[in-house]
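Have a look at the structure below, then the notes.
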Amino acid sequence: MAYGLSRRELRPKVRLLPGEGGRYHLTSVEGLAALSLDALSSVAYGPEAIVVVLIAAGTGALTAALPITLAITVLLAVLVVSYSQVIAVHPDGGGAYAVAKKDLGGWSSLLAAASLVVDYVLTVAVSLAAGAASLGSAFPSLRGHLVEVCLALLAVLTLVNLRGIAESARVMMLPTVLFIATILGIIVLGLVRSHPAAVVGTAQTVPVTAALGLLLILKAFAAGCSALTGVEAIANGVPAFREPRVKRAQRTELMLGALLGLMLVGLAVLIRRDHVAPRGGVTVLAQLAAGAYGDGWVYSATNVLVALILALAANTSFGGLPVLMSLLARDHRLPHLFGLRKERPVYRWGVLALALLSAVLLIAVDADTQRLIPLFAIGVFIGFTISQVGLVRHWRTERPPGWLRRALINGIGAVMTAAAALVFLVSKFLDGAWVVVLAVPLLMWLFARVERYYTAVGLELGLGRIPEPPERRTSLVIVPLGEVSRLARHALTAAIALGDEVVAVAVHADPDTARALRAKWDEWNPGVRLDIIDSPQRSLVQPVVKYVQRAAEGGRQIAVLIPEVEPRHRRYQILQNQRGILLATVLRARTDVVVCILPYRLSL
């Protein structure tokens, strides 16, 4: 923690060289590729989720897929407008968390942060698991190695994002354009054809277990709302855009809403017209692709592209979660290292934390998409609801021109997203949604504990208050040495510049070696006293620590200057004596003295 700095000074900073300001930030099109693939790729499982629920009432119930999709599209429009407002009100990013912190405060902001963290981690896990499953469908030899495929893809995404989000956006550009063109091609060709070009998969007999009533429609609506996950990512990642950031981010949000709504409605029209029901061995999207393109090489290429896009959709979380974690670190709710970044705007600790959590989750569920889906949408819908409620309160408080219309839009959105979250939670609780019910409060507790710790540390350090004048003490610099050499001269020169008194300390177990060192020291005569400590057990660290502890009893300010040989090439580091680092570690743990490590850089 940078104790003594103001909150403004604690904000992560990037030193930009002339002409570098936009190099590592996103344009609107790059933002669509980097932050929107989660939402766009949801057309691969969102419409299918509706069909899987409705088929319980028989194939006749599939006609309800279109009106349900239209209702979801209305909700999508409300969310897009809402998050465009979030971008304008909170240009520093954070989405639902930023809204809750400013307009709702307290536990609401903790709930929003915990929900978003859960959603981002699940986005990575679901996207990679679904992508690996699609590859396994195309290449049967991979079906027994889905976890390994997921982890390999996760490693690639992590490395790409550690290099910077702009680079990762450029990697996403071509696949994103191909995916959008492919889905739109399925819709256009499918509508042009009077009947499907080909039928794939095996027919399945699905028993009718429910009637097409309100409850089933609500379940289908909630399941289909999984297609809306990722809509908030652009609002969370506003700092990643080039200037003017707000306009670019809003433009990207509108582009996302238009494309996603068009694809969802187009696919729903085809599902209703062709009575597309679940079939064995293929997805609903694969059936629609076969209906439009036939079952030749274009069909195979489409499935591979869908698998690739589902894998790349995980990049949305890599763009959003590290920024969110940096905001939590700035608010002292996560360790401050999550707010650190390199010259490129990369929060590397956030990227690494997301990769680790996602890997653990994928291994725990054996990369099974069906075990992840019940957990998927709850977190993001909690975030949706909080952001809508927070904006309603914001408009009521600020009352800008047109505030009533904006508050009405956000209020309707809050009711719709809360209803979807509640239905999804109730219907999927025993299928795994209970994990989210446990994870979200645990994360809230963690954030609160970290915040209490930093608050207690700030009180103990007196942050924000003027302290007493500093005390003036005499100083003693202790320099542990082994023999007379250039290293000893280098260390003593630095020590003499630092303190009032300097003493060199050597530890030897052999009396003859100690006498030889004393003779060389007297011959050299550096003007510094040498104390030789006898150590029959041949221990270096403990005798020096005890010597330092005795010296500190006099009330002087003690500094221990430890010279360390530093080779030019890192590969030789393991060949150097590591006792200096060990001594420094023990001194920091057992004493309150100043410990300094002085490098002596070799030319080798």
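Observations on the model:
- Residue by residue, region 506-523 carries 3J(HN,Hα) couplings of 10, 10, 9, 9, 9, x, 5, 5, 5, 5, 5, 5, 4, 5, 5, 5, 5, 5 Hz when phi is fed to the Karplus relation 6.51 cos²θ - 1.76 cosθ + 1.60 (θ = phi - 60°); x denotes Gly or Pro.
- Neighbour net charge for LEU259 - beta-carbon separation under 14 angstrom, K R +1, D E -1: -1
- Shape category assigned to region 362-411 from the gyration tensor of Cα positions, a/c cut at 1.5: prolate
- Helix-only CD estimate at 222 nm, as mean residue ellipticity for the chain, using -39500 (n - 2.57) per DSSP H run (n ≥ 4): -20500 deg cm²/dmol
- Between VAL586 and GLU243, residue separation times 0.36 nm minus the direct Cα-Cα distance comes to 118.6 nm.
- Cα gyration tensor category, rounded, prolate or oblate, for region 475-601 with a/c compared to 1.5: rounded
- DSSP beta bridges confined to the chain are antiparallel in about 5 percent of cases.
- Amide hydrogen proximity for VAL565: with H placed 1.01 Å from N in the peptide plane, the residues at 5 or more positions away or on another chain lying under 5 Å are TYR600.
- Filtered trypsin sites (Lys or Arg not before Pro), region 183-274: DSSP coil and at most 15 other beta carbons within 10 Å: ARG193
- Alpha-carbon centroid distance for the pair region 179-229 / region 443-502, whole angstrom: 65
- With respect to the chain, whose longest principal axis is taken over its alpha-carbon atoms, helix 165-192 is tilted by about 10°.
- The string of couplings for region 409-425 from the Karplus curve (6.51, -1.76, 1.60, θ = phi - 60°) is 4, 5, x, 4, x, 5, 5, 5, 6, 5, 5, 5, 4, 5, 5, 5, 5 Hz, one whole number per residue in order, with x for Gly and Pro.
- For LEU270, net neighbour charge (Lys/Arg +1, Asp/Glu -1) across residues whose Cβ lies under 13 Å away: +1
- In this rough spin-label picture, where each label sits 7 Å from Cα along the Cβ direction, the THR205-GLN573 distance is 6.7 nm.
- Relative contact order for region 457-604, counting Cα pairs under 8 Å that sit 6 or more residues apart, in percent: 25
- Using θ = phi - 60° in the Karplus curve 6.51 cos²θ - 1.76 cosθ + 1.60, the 3J(HN,Hα) couplings for region 247-262 round to 5, 5, 5, 5, 4, 5, 4, 5, 4, 4, x, 5, 5, 5, x, 4 Hz; x is entered for Gly and Pro.
- Average Cα contact separation per residue, the chain, under 8 Å, 6 or more apart, as relative contact order %: 21
- Fully extended contour minus Cα-Cα distance, from ALA88 to THR397, at 0.36 nm per residue: 109.6 nm
- Loop-located chymotrypsin sites (Phe, Trp or Tyr not before Pro) across region 224-309 with a Cβ neighbour count of 16 or fewer within 10 Å are lacking, with loop assigned by DSSP.
- The longest stretch of the chain left intact once loop-based GluC sites (Glu not before Pro) with at most 10 other Cβ atoms within 10 Å are removed from consideration, loops following DSSP, is 10-470.
- Once the chain from HIS145 to ARG452 is taken as fully extended at 0.36 nm per residue, the excess over their C-alpha distance is 106.1 nm.
- For region 434-533, the list of trypsin sites (Lys or Arg not before Pro) that fall in a loop by DSSP and count at most 10 other C-beta atoms within 10 angstrom reads ARG465, ARG472.
- Each other residue within a Cβ distance under 15 Å of ILE597 adds +1 if Lys or Arg and -1 if Asp or Glu, for a net charge of +1.
- Label-point gap, in nm, between VAL192 and THR27 - each point 7 angstrom along Cα→Cβ: 3.0
- For region 68-131, the relative contact order works out to 17 percent when only alpha carbon pairs closer than 8 Å and six or more residues apart are counted.
- Distance between modelled label sites at LEU438 and ALA155, nm, 7 Å Cα→Cβ extension: 3.0
- Global geometry of the chain, whether rounded, prolate or oblate, following the gyration tensor of its Cα atoms and the 1.5 cut on a/c: prolate
Every number here is computed from the coordinates shown, using simple stated rules; none is lab data. Fair warning: this is a prediction, and the values are worked out from it, not measured in the lab. Neighbour counts are summed over all protein chains in view; Cβ atoms, including those assigned to glycine, are modelled from backbone coordinates with ideal geometry.
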